[in-house]
Amino acid sequence: MTRWLSVVGLGEDGLEGLSPAARQIVDAAEVLVGGARHLAMLPDDDRERLVWPSPMMELLPDINARQARRVCVLATGDPFCYGVGTALAKHFGHDSMTIVPGASAFSLAAARLGWSLDRVETLSLHGRPLALLEAFIQPAARLLALSENASTAQGVADLLTARGFGSSRMVVLEHMGGPKERRIAGRADEDWRNRDLADFNTIAIECLADPDAIARPRSPGLPDDAFHHDGQMTKREVRAATLSALMPMPGQLLWDVGAGCGSISIEWMRAERHNRAIAIERAEARLAMIAENAQALGTPGLKIVSGEAPAALEGLEQPDAVFIGGGATGDGLFDLCWGALKPGGRLVANAVTLESEQILMTRHAELGGELCRIAVSRAEPVGPYHGWRPMMPVTQFSVVKT
Ligand SMILES: C[S@@+](CC[C@H](N)C(=O)[O-])C[C@H]1O[C@@H](n2cnc3c(N)ncnc32)[C@H](O)[C@@H]1O
């Protein structure tokens, strides 16, 4: 296969900063593709230029039509780090491409701050919701976040302060590696609005917890009051045991059937940063709670499906794990979930009623797997003393599809 498509990562220093090999590719290109900012860095000549439209994907057929020529895409920094390289490789195939990366904004920021990149969490808030940051706010964590624009810093500062991390240190690193490079440092609880920041920046955050900071680890079992709920939720102790049985693995998809307030989906997604989940729920008021909790707890990508299972499950992407939190008695529900599950996938179902427990017993006899009974009591005040208040015991069936 000929490598007709090349992708070259540029820094703020433009063509000057390119290696001889990268420069040769740009010079030899017959068609140049990039943002207006990148194309403006090139000398005037009569080669064809294509500017990224919005959405960028609309240009892919035009790029495809030029396969007989040498096409060079100019990208920012490392094209495979929140860059255009990933989408191009997916569409055209990595075999047809030559990629010459530049330094990513994360590498530049780490070098500016003397931070070891391997000890830092990196994320992008460029074209993505600010709410994503929430799950990364942990005591002593060092974060590097690509910005959407000048106002991203204020959003980050507000989120940190609301969580009780107002004393966190922030450094806004603008136009790194070019003549306009500048850095602005301060605490999260300062005003970031009137600092005349540039749109093109990366934010470094050193999370520092104040005494009133709200602790929210990423491991499953957040306190029940971390979620907005109406009582219909999988409680903390049972939730932690349920997530353990579901075994979140990187990049996997969960169906959370009868999602309630979304706590299982949300903890599934928090446990592994590239995990996805679909929360299926029929009650209108709970759908709003799921959306609110997903925003507040750092999983804005949670997909919410309104409707009654099993009908609402038709046509959904095949899952790696399924949790049936309610409705195990529903006609055809279990069979549909079991049928949809990928080989090697896990199904976990919790039951509190005798009728649903009976269904799980039958399935256990048919399919094998494990049954366990989780009976939790919490200490609560009894007058001036304390006593054990038992919660309804939960029967949990978990089975791996071999
Ligand atoms: C679509 S991302 C591209 C990331 C790129 N692939 C990389 O490796 O840096 C664009 C965002 O990266 C950040 N960024 C990239 N280069 C930067 C630089 N030299 N200085 C500051 N921020 C930069 C900005 O937050 C910008 O909004």
If you go through the range 379-386 one residue at a time, do you hit one that is in contact (Cβ under 8 Å) with a residue 24 or more places away in the chain and of a type in the set (Asp, Glu)? no
Among the residues of the range 317-336, the number that are aliphatic (A, V, I, L, M) and farther than 14 Å from Gly307 by Cβ is 4
Report yes if Glu237 is in a helix (DSSP H, G or I) and either over 27 Å from Gly345 (Cβ atoms) or open to solvent by 20 Å² or more (accessible area, probe 1.4 Å) (or both), otherwise no. yes
In this structure, is Ile25 in contact with a helix residue (DSSP H, G or I) (Cβ under 7 Å, 6 or more places away or on another chain) and either touching a residue at least 60 places away in the same chain (Cβ under 8 Å) or small (Gly, Ala, Ser) (or both)? no
Among the residues of the range 214-231 satisfying the criterion of being assigned to a loop (DSSP other than H, G, I, E, B) and surrounded by 15 or more Cβ atoms within 10 Å (Cβ to Cβ), which is nearest to the chain's Cα centre (by Cα)? Arg218
Determine, yes or no, whether Asp45 is modelled with pLDDT under 95, outside the structural domain of Arg182 (by TED's automatic domain parsing) and out of contact with any Gly (no Cβ under 8 Å at 6 or more places or on another chain). yes
What number of residues in the range 74-100 are open to solvent by 50 Å² or more (accessible area, probe 1.4 Å) and either aliphatic (A, V, I, L, M) or not assigned by TED's automatic domain parsing to the domain that holds Gly17 (or both)? 0
Search result, residues across the range 53-66 that are surrounded by fewer than 18 Cβ atoms within 10 Å (Cβ to Cβ) and in contact with a helix residue (DSSP H, G or I) (Cβ under 8 Å, 6 or more places away or on another chain): Pro53, Met56, Met57, Leu60, Asn64
How many residues are more than 24 Å from Phe136 (Cβ to Cβ) and of a type in the set (A, V, I, L, M, F, W, C) when one looks only at the range 269-320? 11
Taking the criterion of being away from the ligand (no atom under 16 Å from the Cβ), under 29 Å from Met176 (Cα atoms) and of a type outside the set (Phe, Trp, Tyr), would at least one residue in the range 57-69 satisfy it? no
Can you tell me which of (1) assigned by TED's automatic domain parsing to the domain that holds Gly369; (2) open to solvent by 10 Å² or more (accessible area, probe 1.4 Å) is the one Ile278 doesn't meet? (2)
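I'd like to check which strands (runs of 3 or more DSSP E) are fully inside the range 85-195 and have at least 3 residues that are more than 16 Å from the ligand (Cβ to nearest atom).
Fully inside the range 85-195 and qualifying: nothing.
Suppose the filter is closer than 30 Å to Ala351 by Cβ, of a type outside the set (S, T, N, Q) and outside the structural domain of Thr395 (by TED's automatic domain parsing); does Arg216 pass it?
So Arg216 fits the description; yes.
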Any idea how many residues of the range 1-36 are basic (Lys, Arg) and surrounded by 14 or more Cβ atoms within 10 Å (Cβ to Cβ)? 1
Need the failing condition index for Tyr82 against (1) more than 26 Å from Arg142 (Cα to Cα); (2) in contact with a His (Cβ under 8 Å, 6 or more places away or on another chain), just the number. (1)
Taking first residues from the range 70-92 that are free of Cβ contacts under 8 Å to residues at least 60 places away in the same chain and second residues anywhere that are away from the ligand (no atom under 12 Å from the Cβ), the pairs with Cβ under 6 Å that are 6 or more apart or on different chains are His91/Leu60
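The values are calculated or read from the model by the stated rules, or taken from the named source; none is laboratory data. All of these numbers come straight from a predicted model, not from anything done at the bench. Every residue, glycine among them, receives a Cβ derived from its backbone with ideal geometry; neighbour counts consider all protein chains shown. For accessibility, only protein heavy atoms count, side chains too; no ligands or nucleic acids. Shrake-Rupley method; radii C 1.70, N 1.55, O 1.52, S 1.80 Å.
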